[in-house]
Amino acid sequence: MAHLAGQFAGILRIEIPDEQLSPVRDALARLHSHELQLIVVRADAEPHEALRRPLRLHLVGHDRPGIVREIAQVLASRNVNVEELNTECQSAPMSGEVLFVATAKLGVPDQLGIDELRGALEHIASDLMVDVTLEAPTVD
């Protein structure tokens, strides 16, 4: 769930028995109005996680508009799935300037080389004046 550009946006995943799909879909359709838009999509029963490697992305830099857009374009152009994204602004320890900090859980296609992805991110990181790191996720 998020508040984006003055609008509320959210994604909800539910699991229901097949026989309840039509009644639930019909009930949700009745909620549609000019203020509320709902899109109901049936997800595949078999997730495609096996085709993707998990990676963590960490980004830090001076806050400015467009950072997320630029990073997302690099990821989307390489069919990388952003499974989770957390962002925040923090004060830099020494200067007090506003830093933008983002962490993301990524699903990277098996055919995409990590060095290729890292190189593409590092190329735009210099333009954005941010530090970007990729690493295997830690196991809790």
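The values are calculated or read from the model by the stated rules, or taken from the named source; none is laboratory data. None of these values were measured; they are calculated from a predicted model. For neighbour counting, all protein chains shown are included, and Cβ atoms are generated from backbone atoms with ideal geometry for every residue, glycine included.
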Condition first: at pLDDT 95 or above and either out of contact with any Asp or Glu (no Cβ under 8 Å at 6 or more places or on another chain) or of a type in the set (D, E) (or both). Can you find one or more residues in region 56-64 that meet it?
yes
Within region 94-103, can one find any residue that is among the charged types (D, E, K, R), in a strand (DSSP E or B) and more than 20 Å from A76 (Cβ to Cβ)?
no
Could you please find all residues in region 106-115 being outside any strand (DSSP E or B), farther than 19 Å from T133 by Cβ and in contact (Cβ under 8 Å) with a residue 40 or more places away in the chain?
D110
Quick check, is I16 outside any helix (DSSP H, G or I), at pLDDT 85 or above, over 30 Å from L128 (Cα atoms) and of a type in the set (V, I, T)?
yes
Here is a list of conditions, (1) in contact with a helix residue (DSSP H, G or I) (Cβ under 8 Å, 6 or more places away or on another chain); (2) surrounded by 12 or more Cβ atoms within 10 Å (Cβ to Cβ), and D110 meets all of them except one; can you say which number that is?
(2)
Given the conditions (1) part of a helix (DSSP H, G or I); (2) modelled with pLDDT under 90; (3) surrounded by 10 or more Cβ atoms within 10 Å (Cβ to Cβ), and given that A50 satisfies all but one, which numbered condition is not satisfied?
(3)
Condition (residue is among the polar types (S, T, N, Q), at pLDDT 90 or above and within 30 Å of P17 (Cα to Cα)) applied to region 80-89: is it met by at least one residue?
yes
Looking across region 116-127 at residues that are of a type outside the set (G, A, S) and over 19 Å from the mean Cα position of the chain (by Cα), the single one that is modelled with the lowest pLDDT is D127
With criteria (1) closer than 26 Å to Q7 by Cα; (2) out of contact with any strand residue (DSSP E or B) (no Cβ under 7 Å at 6 or more places or on another chain), L99 comes up short on (2)
Going residue by residue through region 85-93, is there one that turns out to be closer than 16 Å to V132 by Cα, touching a residue at least 60 places away in the same chain (Cβ under 8 Å) and exposed (fewer than 15 other Cβ atoms within 10 Å of the Cβ)?
no
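For (1) surrounded by 12 or more Cβ atoms within 10 Å (Cβ to Cβ); (2) of a type in the set (F, W, Y); (3) touching a residue at least 40 places away in the same chain (Cβ under 8 Å); (4) touching a helix residue (DSSP H, G or I) at 6+ places or on another chain (Cβ under 7 Å), each residue gets a yes or a no:
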{"residue": "L31", "(1), (2), (3), (4)": "no, no, no, no"}
{"residue": "I39", "(1), (2), (3), (4)": "no, no, no, no"}
{"residue": "A43", "(1), (2), (3), (4)": "no, no, no, no"}
{"residue": "G96", "(1), (2), (3), (4)": "no, no, no, no"}
{"residue": "V101", "(1), (2), (3), (4)": "yes, no, yes, no"}
{"residue": "A104", "(1), (2), (3), (4)": "yes, no, yes, no"}
{"residue": "L121", "(1), (2), (3), (4)": "yes, no, yes, yes"}
{"residue": "P137", "(1), (2), (3), (4)": "no, no, yes, no"}
